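Right, one structure below, let's go through it.
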């Protein structure tokens, strides 16, 4: 059971610890955190701790123990210290780092026994000692830096000489002894002007004044050694300040650059005789040197560009994007990168010249970038040649891509390298495509044994160079189950990487194959339908002659033949595939004239397609009905109407078409049953395996044909294969 702080103590104790600036928690004898102060709670919230209970009720000892088991030595040390206090020990303290993602922090844990209500508690304080720790680290670093600086000066390869404001030497390192031949003991206290040649125009006071004004100054001078030898010295000078900030002297670094300056003169002579463009930039991009070639090409002098930022010089400032590119290149070169690209520079007459431009860092012995070296070579002729070659290549590429032929290549690793637009449909189900193993791609598209045979053919051509040609290949695809036909050949070629590859050129014969098959089908269909049609014509002729007086035979036969011709026209227009119901109805009432069709005949029904057989039978019936309506029925007077409608049953298994007359003279069943009635009642029904209901009602004839949907409507059919180029 965890110990509880007595209520009488809790309020006063909470107020007391809340007044403390450090994070405070009071731990009971069993390790349970009994209460915490405001600083503790805020720290928990700010650092991702428990934002609700702030660890009150958690077992502090158990938390330490678990962390110790994971290898946290500090947690093990804290647990031991707290256990010692609970066992009667005295204070315990330990310092530890507690860094966050944004800052480094150090804390000190102070633990002391606390007696409350006769029970032993532990007062745990976490004190932020970051400021003290940083001060200690800074002091240590400063002492070390001082020692390091003294060691650096003493061991620097360059001469380091310091002197006061009167020019009297105060420091003289070993490198100065080596450079000038004077020992340190004899030089300290001497005037720096001991090193000046007798005819040197400036005194030490002049330099001191300039250095104090400019803080740091770089310049070349000539100085004289103990042996009387004159040397060119590169001087870096800076003022030395006291702790109060007052200038008390000057510190200088002397480097012997005699040989370097002679080499620079020789190099300058060489560069000025180069046709290439060469320059020298400061690391910040300021141009300090340029050889003769770029100056003469632009028609400018060195004074026009030296001292300017390189991108602001005449060659580049004709276009902001070119300037921006150069600025970025200078930054990359400052980072140690060699930058190279083709670019146009402006030359005399505002003309643009293509150059192969390079910007390289110049490093000192320590690997520090001390200059940037721009250079350029005129590549105008090469650019023109490349552009002409690219134009030729693009033209050929466009021709290949737009060709109706398919072209693809397989590289030496037996992977797809290029696939033209014309070849893309073949590989539509292969993804990813480019770079895909050719064997895998072929096996996705084609089944065995064709896939294996094709792979072997490609491998043989790749290995031996032997070409292969297959003028007519017809296979069923594995990925789509479509039958396709190709004329294809393969040859070995040299790929862009110099290794062998295989190119496949093919022409898709699938459309032509389907077209030829369709033509053969149509020829068979024409032959079959022609025989059927002749049989129907012969039957019409016989039935018409049997039921018509000789004087009326020709007219009736012609009308019925015209009806049959109308149905046949629609069948042919539908490519022998089917006939629109609405189109069939309109064709069979066309002989009634535009006025009757537009004002007295109503046609209504969904879009459907009749089979050719249904179109013939139903078409003849509609013709007979329309002829009878015109002669004897509702269309024989000025007011009668006809309604023609059709639909399917709710379950879609049956089809019906209905002819309804209204408003004509009174109707009675005919006394004589001729060929027309035979067509209306029997032939139409037989053609579709259906039934006919014919009612000679007094108010008008009503006719309805009902048949199985699959016998009437075209649900499949043959699709006409268009020839290439056909819309």
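Laboratory data are not the source of any read-out in this text; all were calculated from the coordinates shown. What you are looking at is a predicted structure, and each value in this text was computed from that prediction instead of being measured. Positions of Cβ are generated from backbone atoms using ideal geometry, with glycine treated the same way; all protein chains shown enter the neighbour counts.
Listed values, structure above:
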{"item": "Rounded, prolate or oblate (a/c below 1.5 giving rounded, otherwise prolate when a/b exceeds b/c) for the range 257-298 by Cα gyration tensor", "result": "oblate"}
{"item": "Distance from the range 334-388 to the range 17-70 (C-alpha centre basis), Å", "result": "65 Å"}
{"item": "Net lengthening on full extension, residue 10/residue 318 (0.36 nm per residue, minus Cα-Cα)", "result": "102.9 nm"}
{"item": "Ranking of 648, 252 by count of other Cβ atoms within 10 Å, fewest first", "result": "648, 252"}
{"item": "Cα point-scatterer Debye curve for the range 597-710, base-10 log of I(q)/I(0) at q = 0.20, 0.22 Å⁻¹", "result": "-1.10, -1.28"}
{"item": "Ratio Rg/Rh, restricted to the range 189-295 and using Cα atoms, in which Rh is the Kirkwood radius", "result": "1.08"}
{"item": "Solvent-free Debye scattering, log10 I(q)/I(0), computed from the Cα coordinates of the range 261-383 at q = 0.10, 0.21 Å⁻¹", "result": "-0.28, -1.32"}
{"item": "Per-residue Cβ neighbour rank within 10 angstrom, fewest leading, 315, 354, 200", "result": "200, 354, 315"}
{"item": "Kirkwood hydrodynamic radius over Cα pairs of the range 7-133, then Stokes diffusion coefficient at 20 °C and 1.002 mPa s, in µm²/s", "result": "142 µm²/s"}
{"item": "Cβ-based exposure ranking for 277, 43, in which fewest neighbours within 10 Å come first", "result": "43, 277"}
{"item": "Simple spin-label estimate for residue 379 and residue 340 in nanometres, 7 Å along Cα-Cβ", "result": "0.9 nm"}
{"item": "Alpha-carbon centroids, the range 195-267 and the range 413-472: separation in whole Å", "result": "76 Å"}
{"item": "Ellipsoid equivalent to the range 403-508 - semi-axes via the Cα gyration tensor, in Å", "result": "20, 15, 14"}
{"item": "Gain upon complete extension [residue 286, residue 273; 0.36 nm per residue less C-alpha separation]", "result": "2.4 nm"}
{"item": "Theoretical FRET efficiency, 1/(1+(r/R0)^6), r = Cβ-Cβ of residue 453 and residue 693, R0 51 Å, to 0.05", "result": "0.20"}
